[in-house]
Amino acid sequence: MMRSLDTHALRGQPVIVGAGVAGLLTALRLGDMPCVIVSAAEKPGAGVLASGVGKALGRDEAIADRAAKTLACGAGLASPEVVQQITDAMPHVSEDLARIGVGLDAHDSGAALHAALLAKVHERQNVTIVAPAMLRRLTIIDGHVRGVSLDVGERLLAIDTNIVILASGGACGLFPGALTQGPEIGAGMAVAARAGVEFSDLELIYFHPLTLDEGDARSTGVYAPVEFCKYGVLFDDAGCKLNVEQRDPGSLARDIAVRRAQGRAVFFDITRALTADAFKRDPALNAMVQQCRARGLDPKTQALPVRPAAAFQIGGIKVDVAGRSSIPGLWACGEVACTGFHGASISAGNPLLEAVVCSGFVAESVLGASLSPLCDVSGVRPDRAPLHRQLSMVRQAFGNALGPVRNRAGVLRELDTLSRCSGYDDAALMGCLTMISALMRQESRGVHYRSDFQQRDAVARHSVLTESDMRSVVRTIGRNHFGPTSADAQMLDGVLARDVDFASRL
Ligand SMILES: Cc1cc2nc3c(=O)[nH]c(=O)nc-3n(C[C@H](O)[C@H](O)[C@H](O)COP(=O)(O)OP(=O)(O)OC[C@H]3O[C@@H](n4cnc5c(N)ncnc54)[C@H](O)[C@@H]3O)c2cc1C
């Protein structure tokens with residue numbers, strides 16, 4: 001397919017980057033409009049929930065209940081208007097999906113839903129899938145998106161377009177042992193960052209507290225949902241029981257992280273709860289037991305070693321509910337976007353609900369966009385050097401500085417390291433943006449916990465950052481904290497001044 005791809009024929013078509021649930025649904029909801037999907041993987045898969053898609057999407061749940069839970073979880077940062085708009089759409093989700101030929105009853109696991117969407121996209125003559133391919137650059141002319149450069153392995157392709165929809169997922173894969181099993185390292189976000197887009201709340205990362213600890217750096221994605229706490233006991237290897245009553249997942253993740261930092265292992269014991277009755281009541285319990293057994297652990301006879309793992313990036317490209325970013329012509333949808341729906345933490349099912357509902361709003365907005373004349377961007381030739389050469393170093397830095405418990409000293413130490421290569425390494429750039437956002441939020445709120453600022457501010461504020469603001473923000477933080485003439489402030493003045501200028505390499 002790649003060899004015969006005629007990019008001239010694709011001129012002017014919306015380009016959707018990412019073939020997860022958000023990207024596929026956006027394409028399907030564009031109806032007959034010809035569009036392009038750029039997929040990093042030749043056969044895209046879904047790292048989504050094992051079961052319960054209908055529940056996540058609010059089947060049988062009252063709008064008011066989901067809205068109230070979302071606002072409570074959001075800890076002052078969830079936008080009431082966005083919450084209203086998304087939850088109001090909840091009762092129509094099943095019908096909307098049925099209209100494009102995807103019945104929820106038949107596709108209750110995330111993988112089945114994704115596979116059904118992919119099959120529908122393949123049936124559409126108006127959708128061109130370019131895979132495997134990576135978005136390498138957004139061409140911005142006079143402040144508007146005018147094209148994309150795609151790396152298709154053996155060469156670069158340029159497509160002239162005034163409409164790009166980023167559905168490229170989050171950056172949790174930058175954490176060691178993340179729950180995500182794919183390459184979610186914020187590659188799409190980094191391209192948008194270099195194009196000058198505004199980010200919001202990048203520091204807000206949801207850690208799933210009860211991920212199976214398999215001892216190696218990468219997780220295989222097995223975890224016990226937090227509601228399973230009712231089935232068992234959590235304890236550490238010193239025999240101390242962890243209180244799980246009325247705990248939100250964020251505080252549980254912190255508790256486990258602190259014990260692990262002290263060298264203690266934490267276990268989840270559900271041996272007594274695994275009765276035939278419990279399995280009948282909760283099919284997800286059975287699914288988890290099977291996953292554990294496949295890895296040589298039997299929850300019926302042994303306590304499971306658990307640890308927190310990065311699972312969902314709440315912040316991202318700052319957009320309105322229809323996905324419009326700060327750059328005209330650039331939309332974002334799904335985990336890559338920050339609509340303000342979640343606020344400072346996530347309520348169960350909301351990531352999927354947001355991706356499904358907002359893909360409809362994005363498509364509507366794209367269909368209504370006025371089309372300006374195209375520019376020829378075929379001459380734009382981005383650097384083809386690997387953009388994630390420092391990935392293992394970046395993962396270590398994320399693990400050291402941005403876990404469930406953060407503080408200024410830890411973040412500054414890693415920021416100093418990463419800033420040296422953020423000019424040419426995309427993973428390091430995402431590291432710097434996330435660390436600076438974490439420094440900016442001098443409070444503890446939702447999933448963001450600062451051991452040096454444990455209180456929540458009276459007023460909830462979003463952190464907003466662009467790549468070009470990074471240096472001045474760090475300098476201001478340094479001067480305010482250490483005094484303008486201190487050695488620490490001078491060290492921070494130098495942070496981000498040492499990096500290699502990315503633009504000069506193009
Ligand atoms: C194990 C697990 C369990 C979950 N459980 C739940 C749950 O119970 N409830 C819930 O609501 N949500 C859950 N989620 C979250 C939910 O699945 C996500 O919100 C959703 O999958 C995000 O979909 P997406 O389409 O935005 O991104 P993704 O599914 O991450 O897809 C993005 C795609 O873009 C590609 N890409 C990235 N950069 C580029 C580039 N530069 N060029 C080309 N392609 C690129 C990626 O390779 C990827 O294929 C879970 C997630 C995981 C990992």
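The values are calculated or read from the model by the stated rules, or taken from the named source; none is laboratory data. Keep in mind that what you see is a predicted model, and the values were worked out from it rather than measured. Quick reminder, even Gly has a Cβ in these numbers, built from the backbone with ideal geometry, and neighbours come from all protein chains shown. The protein model used for the area step is the full one, side chains on, heavy atoms only, and it has no ligands, DNA or RNA in it. Shrake-Rupley method; radii C 1.70, N 1.55, O 1.52, S 1.80 Å.
Annotation: per residue accessible area for the chain equals 41 Å², rounded to a whole number [probe 1.4 Å, protein chains only].
Say R0 is 56 Å: what FRET efficiency, to the nearest 0.05, do His92 and Ser472 get from their beta-carbon distance?
After rounding to 0.05, the efficiency reads 0.80.
Straight distance only, please: which lysines reach the Cα of Lys280 with their own Cα at less than 29 Å, same-chain residues fewer than 8 apart left out? Cross-link targets: Lys55, Lys69, Lys230, Lys241, Lys300.
Estimated from the Cβ-Cβ distance and a Förster radius of 41 angstrom, the FRET efficiency linking His481 and Lys280 is about 0.15.
Can you check what the net charge comes to around Asp457, using other residues whose Cβ is under 12 Å from the Cβ of Asp457 (Lys, Arg +1; Asp, Glu -1)? If you can, show how the numbers build up before the last one.
Working: positive: Arg441, Arg445, Arg450, Arg456, Arg461; negative: Glu443.
Net charge in that neighbourhood comes out at +4.
Which of the trypsin sites (Lys or Arg not before Pro) across the stretch 312-400 are loop residues per DSSP, with 14 or fewer other Cβ within 10 Å?
Answer in residue order: Arg384.
For Lys55 and Ala265, FRET efficiency with R0 = 41 Å and r from the beta-carbon atoms, rounded to 0.05? Once rounded, the FRET efficiency stands at 0.80.
Enumerate by residue number the GluC sites (Glu not before Pro) in the stretch 151-260 meeting two conditions: DSSP loop (anything except H, G, I, E, B), and at most 12 other Cβ atoms within 10 Å of the site's Cβ. Could the numbers behind the result be given before it?
Working: sites: Glu154, Glu184, Glu198, Glu203, Glu214, Glu227, Glu245; in loops: Glu154, Glu184, Glu198, Glu203, Glu214, Glu245.
Those satisfying the criteria are Glu154, Glu245.
With Cβ to Cβ distances under 15 Å as the rule, what net charge do the other residues near Leu274 carry (K, R +1; D, E -1)? Here the count lands on +2.
Which order do the peptides 366-373, 14-21, 170-177 come out in when sorted by mean C-beta neighbours inside 10 angstrom, highest first?
Numbers: 366-373: 11.0, 14-21: 27.6, 170-177: 25.1.
The peptides rank, most packed first, as 14-21, 170-177, 366-373.
Report the Cα centroid-to-centroid distance between the stretch 162-194 and the stretch 265-327 in angstrom, as an integer. Answer, in whole Å: 22. Summary value for the stretch 72-199: 13 percent relative contact order, contacts being C-alpha pairs under 8 angstrom separated by 6+ residues.
Using only the Cα atoms, work out Rg/Rh for the stretch 391-505, with Rh taken as the Kirkwood radius, to two decimals.
Values: Rg = 13.9 Å, Rh = 14.4 Å.
Using only Cα positions, Rg/Rh for the stretch 391-505 is 0.96.
Place a +1 charge on the Cβ of each Lys and Arg in the chain and a -1 charge on the Cβ of each Asp and Glu, then give the dipole magnitude about the Cα centre in debye, rounded to the nearest 20.
On the way: 51 positive and 53 negative charges, 170 e Å.
Taking the Cα centre of the chain as origin, the dipole is about 820 debye.
Counting helices only, and only those DSSP H runs with n ≥ 4, report the 222 nm mean residue ellipticity of the chain as the sum of -39,500 (n - 2.57) divided by its residues, in deg cm²/dmol to the nearest 500.
Numbers: 16 runs with 169 residues, N = 506.
Dividing the helical sum by the residues of the chain leaves -10000 deg cm²/dmol.
For the chain, the alpha-carbon coordinates run over 66, 64, 42 Å along the three principal axes, in decreasing order.
Provide the net charge surrounding Leu77, with neighbours chosen by a C-beta distance below 12 Å and charges set as Lys +1, Arg +1, Asp -1, Glu -1. Don't skip to the end; give the middle numbers.
On the way: positive: Arg441, Arg445, Arg456, Arg461; negative: Asp201, Glu203, Glu443, Asp457.
Here the charged neighbours net out to 0.
Quote to one decimal, in nm, the extra length available between Arg295 and Arg420 on full extension: 0.36 nm per residue of separation minus the C-alpha distance between them.
Working: separation 125, 0.36 × 125 = 45.00 nm, distance 3.98 nm.
So the extension gain works out to 41.0 nm.
Compute the whole-percent fraction of alpha carbon pairs in the stretch 175-243 spaced more than 19 Å apart.
On the way: 1275 of 2346 pairs.
So the pairs more than 19 Å apart make up 54 percent of the total in the stretch 175-243.
Across all directions, the average flat footprint of the convex hull enclosing the Cα atoms of the stretch 209-309 is 6.2 nm².
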